[in-house]
Amino acid sequence: MAGTPSVFVRLAGCPLRCRWCDTKYAWDETAGQHYSIAKIVQTIGQAKSKFVVVTGGEPMINSDLPQLVQKLKQKGKHITIETAGIAFIPALPCDLMSISPKLSNSTPDDPELAKIHEDSRLDIAVLRALIDGYSYQLKFVADSEDDLPEIQQTIEEIGNVDLDKVMLMPQAETRDELLAKSPMVADMCKQTGFAFCHRLQVLLWNSE
Ligand code: SF4
């Protein structure tokens, strides 16, 4: 839940190259600093919160993810995995799979990147498997009201989605953008009954 103090582990590597990605520095799988799993688990053990969010990049393509979350679970952590829903790993000790399928509003302008993005951004079978295999929430990034038909079509294609678990989040990299788009997304939520998802970190710390 937004506002719950949590430790974030950001794993490097994501092939999608979304146009508005706010963590471009994590795209390359060699980005950041290398830590052993033991060091990550030890560092997280010093935090007061038992909530850990494993994010990226795209954590579900990282071959060390199963071992990392197993070790964290052994330490009694509550684990959320944030994923674009492009890869499936069964039986992870994950308390919440936070799935954010990417819409066409995220397609990059560069034609080469756009092709890579379009080839892999939406895999209905993977989304279905994640929803069947885990406790989940389904979070769509909304850039304009025009996104609503595509969101509804994606939910329909996945099939059998618990609509109480669907959230809409404003696309915003800065506080000004967030404040400008939030009323529009709130209206979309009122129309559909989907939940409004904050970007509390943007509200608090802008684009830092
Ligand atoms: S899936 Fe997430 S991390 Fe990957 S490019 Fe898109 S917004 Fe960035």
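The values are calculated or read from the model by the stated rules, or taken from the named source; none is laboratory data. This structure is a prediction, so every number in the text was calculated from the model and none was measured. Neighbour counts run over all protein chains shown; Cβ positions are idealised from the backbone, glycine included.
Residues being within 12 Å of the ligand (Cβ to nearest atom), touching a Lys or Arg at 6+ places or on another chain (Cβ under 7 Å) and at pLDDT 95 or above are entirely absent from the range 3-11. The residue list Ser98, Ser144 contains one member that is more than 30 Å from Lys75 (Cβ to Cβ) and either among the polar types (S, T, N, Q) or modelled with pLDDT of 95 or more (or both), which is Ser144. On inspection, Val69 fails the criterion of being part of a strand (DSSP E or B) and more than 13 Å from the ligand (Cβ to nearest atom). Taken together, the residues in the range 124-142 that are charged (D, E, K, R) and crowded, with 17+ Cβ neighbours inside 10 Å amount to 2. When you look at Lys39, is it more than 18 Å from Met169 (Cβ to Cβ), among the basic types (Lys, Arg), more than 10 Å from the ligand (Cβ to nearest atom) and touching a residue at least 12 places away in the same chain (Cβ under 8 Å), yes or no? Against the criterion (more than 18 Å from Met169 (Cβ to Cβ), among the basic types (Lys, Arg), more than 10 Å from the ligand (Cβ to nearest atom) and touching a residue at least 12 places away in the same chain (Cβ under 8 Å)), Lys39 does not qualify. Just give me the residues in the range 158-186 being within 13 Å of Leu200 (Cα to Cα) and not in a helix (DSSP H, G or I), in sequence order. Of everything in the range 158-186, those that are within 13 Å of Leu200 (Cα to Cα) and not in a helix (DSSP H, G or I) turn out to be Met169, Pro170, Gln171, Ala172, Glu173, Thr174.
Does the range 118-125 include one or more residues that are of a type in the set (A, V, I, L, M) and under 15 Å from the mean Cα position of the chain (by Cα)? The answer is yes; a qualifying residue exists.
Go over the candidates Lys48, Lys39 one by one and state the one that is modelled with pLDDT under 95 and either part of a helix (DSSP H, G or I) or farther than 22 Å from Ile151 by Cβ (or both). Step by step, each of Lys48, Lys39 is checked, and only Lys48 is modelled with pLDDT under 95 and either part of a helix (DSSP H, G or I) or farther than 22 Å from Ile151 by Cβ (or both).
Restricting Pro111, Pro5, Pro90 to those that are more than 25 Å from Ile131 (Cβ to Cβ) and in contact (Cβ under 8 Å) with a residue 40 or more places away in the chain reduces the list to Pro5.
Among the criteria (1) crowded, with 21+ Cβ neighbours inside 10 Å; (2) more than 15 Å from the chain's Cα centre (by Cα); (3) not polar (S, T, N, Q); (4) not in a helix (DSSP H, G or I), the one Cys14 does not fulfil is (2). Screening Asn105 against (1) in a helix (DSSP H, G or I); (2) over 23 Å from Ile155 (Cα atoms); (3) in contact with a helix residue (DSSP H, G or I) (Cβ under 7 Å, 6 or more places away or on another chain) leaves a single unmet condition, (2). When the residues of the range 81-122 are filtered to those that are within 15 Å of the ligand (Cβ to nearest atom) and of a type in the set (Val, Ile, Thr), the one that is surrounded by the most Cβ atoms within 10 Å (Cβ to Cβ) is Thr83.
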